[in-house]
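Engineer: One structure coming up, written as C-alpha cells, with questions to follow.
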Amino acid sequence: ASHVQDANAVSPRNEESYVHGPSEMVVGVLGGGQLGRMLCQAASEMAIKVMVLDPQENCPASSLSYGHMVGSFDDSTTVEEFAKRCGVLTIEIEHVDVATLEKLEKQGVDCQPKASTIRIIQDKYQQKVHFSQHDIPLPEFMQIDDLEGAKKVGELFGYPLMIKSRRLAYDGRGNAVAKSVEELPSAVDALGGFDRGLYAEKWAPFVKELAVIVARGRDNTISCYPVVETIHRDNICHIVKAPANVKWKIRERAAEVAFNAVNSLEGAGVFAVELFLTEDGQILLNEVAPRPHNSGHHTIESCYTSQYEQHLRAVVGLPLGDPSMKTPAAIMYNILGEEEGELGFRLAHQLMKRALTIPGASVHWYNKPEMRKQRKMGHITIVGPSLSNLEGNLATIIEGKILDDT
Ligand code: ATP
Ligand code: MG
Ligand code: MG
C-alpha cells in the first residue's frame, strides 16, 4: 500500500530512506490523466515526487505517482486538503477549482502557473479578451447571449461561423459550426444552449495549424520549443509533425506570437500555444493551454528536454533544459478509440504491434480503464532523418502493410 488512496492517509513513503535529489519538493498535480502520467514518468528520472489529485482510482497517472489522492480537482475542500501535502501545486487540466487556488495563494500556497493564469484560460471568452488586450492576433470573436445576438454576429462575421462554449471545452467538445443562419439554432443546441455561456468566432481560413510549447522558469527565463504542425481529425488533435514544414519567416513569427502570449501570463511551467496559419501568411492565436500538451508529446523522444521534464524543472525552480530537437524530425500519431470496448482494444493492439516493428517508433499506452470512440488511448512517436521518411513509416503502421505481408 504505497499509495495515498484516501484523503486521511499520511505521507506514503518513509522520507528518511531517500537520498536527496535535485529537488525535494512534492509536486502536486491537479488531474491524473495521460499528461499527469507522463509528468510522473519524467519525474522518476530525478526522483521528483509527484502527487496527483484525480477522482478516478485507476486514472492513468495513479500507478506511476508518488501518491494519488482520490478526489475531485473541482472540489474546494479536496483541493485544500491536497495542497497541504504538496510543496507546489500545478495542473495537467485547466478545468479545476480556480477560486480555491486563488484563496490558497493568498494563504501562501505556491501555485505554478499562477491561479490568475488558470482563471483567464479556463474561460475561453475571457482568454480571447485577455489576448486581444495584449495585441495578440486572433480571429474576431464576440459574446452571444441569444439567437438575435447570434444572428447579428453571423451577419458581421459571415459563415461558416464557429460557436464555442466558454467553459469546459476539450477535444472539440464545446465547438459547433453553423454553416448558415438556418443552422444557428442547432449549433447552439448542440452546445447545450445559451445558458451554458457561448461566444462566436469568425471562421479562420487556415492552411495549417501550428503549435509552440513555451516554457517559463521561476526566474522568468522563457524558452520556446520548435514550432510544430498539428493535424486535427473531427476537432481532435491527431497527428503532430516536428518541426513544422513552413518557411523560416513563418516559424519565426509563430514563435514570436507564442512568446508574447505566454509573456502576458503569470507563473512558471510549460504553456502550449495553438495557432492558425492563414493563406496570406498571418499567424492567429487559437488558444493557450497552461500545461503540457498533446502537441508536445513528441518531445519525449525528439528533444533534449521533454516538455514534461521541462514543466517539472520550471515549477520546482530548477534550471530549464534545452528544448531543441536531437533528431532531425519527429511525427506523433494519437491512438484514438476506433470502436467501443473489446474490439476497440484489439484494433489499438494491432496498431501498436505494427508500430513496434518500425525503427525509431515508440509506443505510449495510457492504461485507461475504458475504451471509448474518439478517446485518446495512447500515442506513437516516430523519430528519424526527415518528415517524408517518417510519413512513409506512419503510413505503413496505419495501413497495416506489414500485417498483410505476414
Ligand atoms: P483542445 O483539445 O485543443 O483543447 P478545444 O476543444 O479547446 O480543443 P479548439 O482548440 O477551440 O477546441 O478548436 C478545436 C479545433 O477546431 C481547432 O484545432 C481547429 O481545427 C478548429 N477551429 C477552432 N476555432 C476555429 C475557427 N475560428 N475557425 C476555424 N476552425 C477552428
Ligand atoms: Mg482547448
Ligand atoms: Mg485546441
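What follows draws every value from the coordinates through simple rules; no lab data is involved. Please read all numbers here as calculations on a predicted model, not as lab measurements. Here the Cβ positions follow ideal geometry from the backbone for every residue, glycine too, while neighbour counts run over all protein chains shown.
Engineer: Order by neighbour count: Glu92, Glu182, fewest other Cβ atoms within 10 Å first, most last.
Structural biologist: Glu182, Glu92
Engineer: From the backbone phi of the range 310-321, what are the Karplus-calculated ³J(HN,Hα) couplings (6.51 cos²θ - 1.76 cosθ + 1.60, θ = phi - 60°) in whole Hz, Gly and Pro given as x?
Structural biologist: Coupling constants for the range 310-321: 4, 4, 5, 4, 4, 6, 8, x, 8, x, 5, x Hz.
Engineer: Put a dot 7 Å past each Cα toward the Cβ at Asp195 and Ile222; how far apart are the dots in nm?
Structural biologist: Label-label distance for Ile222 and Asp195, simple model: 4.1 nm.
Engineer: So, with +1 on the Cβ of K and R and -1 on the Cβ of D and E, and no other charges, what is the size of the charge dipole of the range 86-125 about its Cα centre, to the nearest 20 debye?
Structural biologist: My answer is approximately 120 debye.
Engineer: Then there's this: Given charges of +1 on the Cβ of Lys and Arg and -1 on the Cβ of Asp and Glu, with all other atoms neutral, how large is the dipole of the chain about its Cα centre, in debye to the nearest 20? Let's see the in-between values first.
Structural biologist: Numbers: 41 positive and 53 negative charges, 131 e Å.
Once rounded to the nearest 20, the dipole reads 620 debye.
Engineer: Here's something else I'd like to know. Could you work out which residue, out of Gly360, Gly217, Gly28, moves most in a Gaussian network model of the chain, that is, has the largest mean-square fluctuation with Cα springs under 10 Å?
Structural biologist: Gly360
Engineer: Continuing with the same structure: With a sphere of radius 10 Å drawn around the Cβ of Gly281, what net charge do the other residues whose Cβ falls strictly inside it have (Lys, Arg +1; Asp, Glu -1)?
Structural biologist: Residues close to Gly281 contribute a combined charge of +1.
Engineer: Can you give the relative contact order of the range 15-137 as a percent, counting alpha carbon pairs under 8 Å and 6+ residues apart?
Structural biologist: 23 percent
Engineer: While we're on this one: Output wanted: per-residue J couplings in Hz (rounded whole) for the range 160-173, from phi through Karplus 6.51 cos²θ - 1.76 cosθ + 1.60, θ = phi - 60°, x for Gly and Pro.
Structural biologist: x, 10, 8, 9, 10, 6, 5, 10, 6, 7, 6, 6, x, 6
Engineer: Could you derive backbone 3J(HN,Hα) for the range 257-269 from the dihedral phi with the Karplus parameters 6.51, -1.76 and 1.60 (θ = phi - 60°), listing whole Hz in sequence and x where the residue is Gly or Pro?
Structural biologist: 4, 4, 4, 4, 4, 5, 4, 8, 10, 9, x, 8, x
Engineer: What distance in nm separates the two pseudo spin-label positions at His134 and Glu80, each 7 Å out from Cα along the beta-carbon direction?
Structural biologist: Each label point lies 7 Å from its Cα, and together they span 3.1 nm.
Engineer: Can I ask one more? Which one, Pro328, Pro60, Pro359, has the greatest fluctuation when you compute a Gaussian network model over the chain with C-alpha springs under 10 angstrom?
Structural biologist: Sorting by GNM fluctuation, first place goes to Pro359.
Engineer: Next question, about the same structure. Checking the cross-link filter: which lysines have an alpha carbon closer than 30 Å to that of Lys106, excluding same-chain neighbours under 8 positions apart?
Structural biologist: By straight Cα distance, Lys106 reaches Lys49, Lys84, Lys114, Lys124, Lys128.
Engineer: So for the range 250-332, what percent of the C-alpha to C-alpha distances run longer than 17 Å?
Structural biologist: Pairs farther apart than 17 Å: 53 percent.
Engineer: If you take every residue apart from Glu301 with its C-beta less than 15 Å away from the C-beta of Glu301, what net charge results, scoring Lys and Arg +1 and Asp and Glu -1?
Structural biologist: -1
Engineer: In addition: If you place +1 on the Cβ of every Lys and Arg and -1 on the Cβ of every Asp and Glu, how big does the dipole about the Cα centre of the range 42-150 come out, in debye to the nearest 20?
Structural biologist: In debye, rounded to 20, the range 42-150 gives about 520.
Engineer: Would you work out which of Asn220, Ser264, Met69 lies farthest towards the positive end of the dipole of the chain, given +1 charges on the beta-carbon of Lys and Arg and -1 on that of Asp and Glu, about the Cα centre?
Structural biologist: Asn220
Engineer: For the chain, just the Cα atoms, rotate onto the principal axes and tell me the three extents in Å, largest first.
Structural biologist: Largest first, the chain extends 67, 60, 44 Å along its Cα principal axes.
Engineer: Just how far, in whole angstrom, is the range 212-270 from the range 135-195 if you go by their alpha carbon centroids?
Structural biologist: 26 Å
Engineer: Work from the charge dipole of the chain (Cβ charges, +1 for Lys and Arg, -1 for Asp and Glu, about the Cα centre) and give the residue of Met352, Ser116, Pro290 farthest towards its positive end.
Structural biologist: Met352
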